[in-house]
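*Asks:* Take a look at the following structure, please.
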Amino acid sequence: MRTTHHVLVPAALGALALGLLTAVPAAATTPPPSASPGRTAASTPDVVDGFTAGVRSIDHGRGVVTLVGTVPPGAGVELGGDVVAPVRTEGDADGRWEAQVQVRHGKHVVRATSAVSGQVIDIPVEALVLVPPTMSVRIDGISRTMTIDGKGHPGAHWVVSDGAHVLAETDARDDGTWQVVVTGLAFGRLPIEAAQYFDGTLNGGVDDEYVVRGDAVVEHASASRETDLVSLRGRAPAGTTLAFVDADGPVTGADGAPITTRVAADTTWHVELPVPAAGRLYRVTVVTVDGDDEVGRTEARVTVPTALTGTVEELPDGRVRLSGTGEPGGTVTLESDGGDTLVDAHGAPLRTDIGRRWELVVPRDALPATEVVAHQRVRDVEQGALHLVLPKAPGGGSAGRGEAGAGQEARHRTAAPLRAATGHRAGDGRLAYTGAELTGGVTTAAALLAAGLGLLQLRRAARRRAADRG
């Protein structure tokens, strides 16, 4: 919010030059004092028996000319000529006099007449039509500076203040332009008054109100599924503290305390926040705090890559299908536990692009004995991985390149949910039969069967003996 006021009295009279007025040679030893800061337009008084007259200043906006001079103490002076109304004054105890007359815009002659001697001094003046001065302001809340540009009367003296204290001063160039830079600003509302002085007095100006804010700048924002962190960095006012707020409230760390960071002396800052549990587009507000006061807010938007998921399926023909979901446009590459990229029969890396899903169908013997690691990369940046448990290789031996040698028993995992490297569940896998032996159960069944057959034979023999006796 800002309001603008042009400090310019009647726009019909105003602006761009200096009225030169002449008087007769002076006898006064002390020239008339200036009526206001800046330049004076007073002419050099001429002397006629101790009577002098000249111009101290011209207020072009109001058409008011201030005249000064000397006369015998108590003697009268009449001012007339091309004025709106004649004015009469008299000298003080030191013989000095001062009076104001009003003229219309344009060139005029003001006539000063001594009431004692009747002597006359004609003083030419010119009241200009002032063009309202202009001012524009650029605020850098990070460096707490304000750059002010303006344009007004060529050569005018400009005084910039906040209404109570002078902030800067400068003189306009020949084309009327001027500029000042104000530093060390406090946050909050700041009134700015720019006053233009020339021809010995205030001749217009501009005032406005601005708000100095400490909004942080976010120069980089990214999220990583590899680290489960959102990285933000940028610039903010030196010495301030930044806090972070999302839809759930203050962003907290592992200890449950709100995450904050202090801005360095060179105005740079960097912070890492945990990746949110849900949501692809993450919005976080960077809050700038100066002491106990909030002085700025900036919203950062971060696209969180889709987490990689995957399942394993053994096909009837003995091949293995690896499939799942991930970040569209990314790629999935298969590696061994040792970090070696797995390749096909032609030596090409086992990899695929991610569309709505990803899928790789691979001969079992092209894979390691127990598991593979599926790596997701998005624009060549690692974005998470999965350990995928494989079905047992045919024959119970090792499979794949770079794994256990011949004669060594490959490690084998039972069926279990797939989990990401971070420990988060990523999907369910379906494994082939493990090949575990059931010899204990078979032996027991055979023994029971033999005992039953023996008992049956004994019963048959007993029946035969009974029949023979009868």
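The values are calculated or read from the model by the stated rules, or taken from the named source; none is laboratory data. Note that the structure is a prediction, hence the values are computed from the model and not measured. Neighbour counts are summed over all protein chains in view; Cβ atoms, including those assigned to glycine, are modelled from backbone coordinates with ideal geometry. Calculation scope for accessible area: heavy atoms of the full protein, side chains included, ligands and nucleic acids excluded. Shrake-Rupley method; radii C 1.70, N 1.55, O 1.52, S 1.80 Å.
*Asks:* Between Pro328, Pro391, which is under 40 Å from the mean Cα position of the chain (by Cα) and either surrounded by fewer than 20 Cβ atoms within 10 Å (Cβ to Cβ) or not in a strand (DSSP E or B) (or both)? Give the steps one after another, and end with the answer.
*Replies:* Values: Pro391 fails: under 40 Å from the mean Cα position of the chain (by Cα).
Criteria check complete, one pass: Pro328.
*Asks:* Okay, next question. Looking only at segment 331-351, how many residues end up being buried (at least 18 other Cβ atoms within 10 Å of the Cβ), without any contact (Cβ under 8 Å) to a residue 40 or more places away in the chain and either touching a helix residue (DSSP H, G or I) at 6+ places or on another chain (Cβ under 7 Å) or assigned to a strand (DSSP E or B) (or both)?
*Replies:* Number satisfying all stated conditions: 1.
*Asks:* Only residues that are in a loop (DSSP other than H, G, I, E, B) and open to solvent by 40 Å² or more (accessible area, probe 1.4 Å): list them for segment 203-221, please.
*Replies:* We begin by selecting, within segment 203-221, every residue in a loop (DSSP other than H, G, I, E, B); these are 213-216.
Across segment 203-221, the qualifying residues are Arg213, Asp215.
*Asks:* Restricting attention to segment 239-256, which residues are of a type in the set (Gly, Ala, Ser), more than 27 Å from Thr309 (Cα to Cα) and open to solvent by 40 Å² or more (accessible area, probe 1.4 Å)?
*Replies:* Within segment 239-256, the subset of a type in the set (Gly, Ala, Ser) is 239, 243, 247, 249, 253-254, 256.
Adding the requirement that they be more than 27 Å from Thr309 (Cα to Cα) leaves 239, 243, 249, 256.
Gly256, the sole residue that qualifies.
*Asks:* Could you give me the residue pairs with C-beta distances under 6 Å whose first residue belongs to segment 239-261 and is in a loop (DSSP other than H, G, I, E, B), whose second residue is charged (D, E, K, R) and open to solvent by 40 Å² or more (accessible area, probe 1.4 Å) wherever it lies, and which are 6+ apart or on separate chains?
*Replies:* Sorted first by the residue in segment 239-261, then by its partner, the pairs are Thr240/Asp290.
*Asks:* Suppose the filter is open to solvent by 60 Å² or more (accessible area, probe 1.4 Å) and either not charged (D, E, K, R) or not in a strand (DSSP E or B) (or both); does Pro305 pass it? Spell out the reasoning first.
*Replies:* Details: open to solvent by 60 Å² or more (accessible area, probe 1.4 Å): no; either not charged (D, E, K, R) or not in a strand (DSSP E or B) (or both): yes.
When the stated conditions are applied, Pro305 does not pass them.
*Asks:* Tell me the residue from Ser224, Ser161 that is of a type in the set (S, T, N, Q), closer than 30 Å to Leu281 by Cβ and surrounded by 14 or more Cβ atoms within 10 Å (Cβ to Cβ), please.
*Replies:* Details: Ser161 fails: closer than 30 Å to Leu281 by Cβ.
Just one listed residue meets the conditions, Ser224.
*Asks:* On to the next question. Look at Thr260 and say whether it is surrounded by 15 or more Cβ atoms within 10 Å (Cβ to Cβ) and not aliphatic (A, V, I, L, M). Show your work before the answer.
*Replies:* On the way: surrounded by 15 or more Cβ atoms within 10 Å (Cβ to Cβ): yes; not aliphatic (A, V, I, L, M): yes.
Against the criterion (surrounded by 15 or more Cβ atoms within 10 Å (Cβ to Cβ) and not aliphatic (A, V, I, L, M)), Thr260 qualifies.
*Asks:* Name every residue in segment 203-224 that is among the polar types (S, T, N, Q) and under 25 Å from the mean Cα position of the chain (by Cα), in order of residue number.
*Replies:* To start, the set of residues in segment 203-224 that are among the polar types (S, T, N, Q) comprises 203, 222, 224.
Of everything in segment 203-224, those that are among the polar types (S, T, N, Q) and under 25 Å from the mean Cα position of the chain (by Cα) turn out to be Ser222, Ser224.
*Asks:* Out of curiosity, is Ala75 out of contact with any Pro (no Cβ under 7 Å at 6 or more places or on another chain) and surrounded by fewer than 20 Cβ atoms within 10 Å (Cβ to Cβ)?
*Replies:* Values: out of contact with any Pro (no Cβ under 7 Å at 6 or more places or on another chain): yes; surrounded by fewer than 20 Cβ atoms within 10 Å (Cβ to Cβ): yes.
So Ala75 passes the test.
*Asks:* Next up: Inside segment 268-289, can you point out the residues that are in a strand (DSSP E or B) and more than 16 Å from the chain's Cα centre (by Cα)?
*Replies:* Start the filter on segment 268-289 by keeping residues that are in a strand (DSSP E or B), which leaves 268-274, 281-289.
If the condition is that a residue be in a strand (DSSP E or B) and more than 16 Å from the chain's Cα centre (by Cα), then Glu272, Leu273, Pro274, Leu281, Tyr282 are the ones that fit.
*Asks:* Return the residues of segment 164-196 that are open to solvent by 40 Å² or more (accessible area, probe 1.4 Å), within 23 Å of Ile58 (Cβ to Cβ) and part of a strand (DSSP E or B); say none if nothing qualifies.
*Replies:* Step one: filter segment 164-196 for residues open to solvent by 40 Å² or more (accessible area, probe 1.4 Å), giving 164-167, 169, 171, 173-175, 179, 181, 183-184, 186-187, 189, 191, 193.
From what's left, within 23 Å of Ile58 (Cβ to Cβ): 169, 171, 173-175, 193.
Passing the criteria: Glu169, Asp171, Glu193.
*Asks:* Let me ask something else. Taking the options Gly95, Gly69, name whichever one is open to solvent by less than 60 Å² (accessible area, probe 1.4 Å) and farther than 24 Å from Leu202 by Cβ.
*Replies:* On the way: Gly69 fails: farther than 24 Å from Leu202 by Cβ.
Exactly one of Gly95, Gly69 is open to solvent by less than 60 Å² (accessible area, probe 1.4 Å) and farther than 24 Å from Leu202 by Cβ, namely Gly95.
*Asks:* Looking only at segment 308-325, count every residue that is in a strand (DSSP E or B), open to solvent by less than 40 Å² (accessible area, probe 1.4 Å) and polar (S, T, N, Q) and tell me the total. I'd like the intermediate steps shown before the answer.
*Replies:* Going residue by residue through segment 308-325, those that are in a strand (DSSP E or B) are 311-314, 320-324.
Keeping just the survivors that are open to solvent by less than 40 Å² (accessible area, probe 1.4 Å) gives 312, 320, 322-324.
Now drop any that are not polar (S, T, N, Q), which leaves 323.
Count: 1.
*Asks:* Any residue at all in segment 232-250 that's of a type in the set (Val, Ile, Thr) and over 27 Å from the mean Cα position of the chain (by Cα)?
*Replies:* Narrowing segment 232-250 to residues of a type in the set (Val, Ile, Thr): 240-241, 245.
Checking the rest, the ones that are also over 27 Å from the mean Cα position of the chain (by Cα) come to none.
Checking segment 232-250: not a single residue is of a type in the set (Val, Ile, Thr) and over 27 Å from the mean Cα position of the chain (by Cα).
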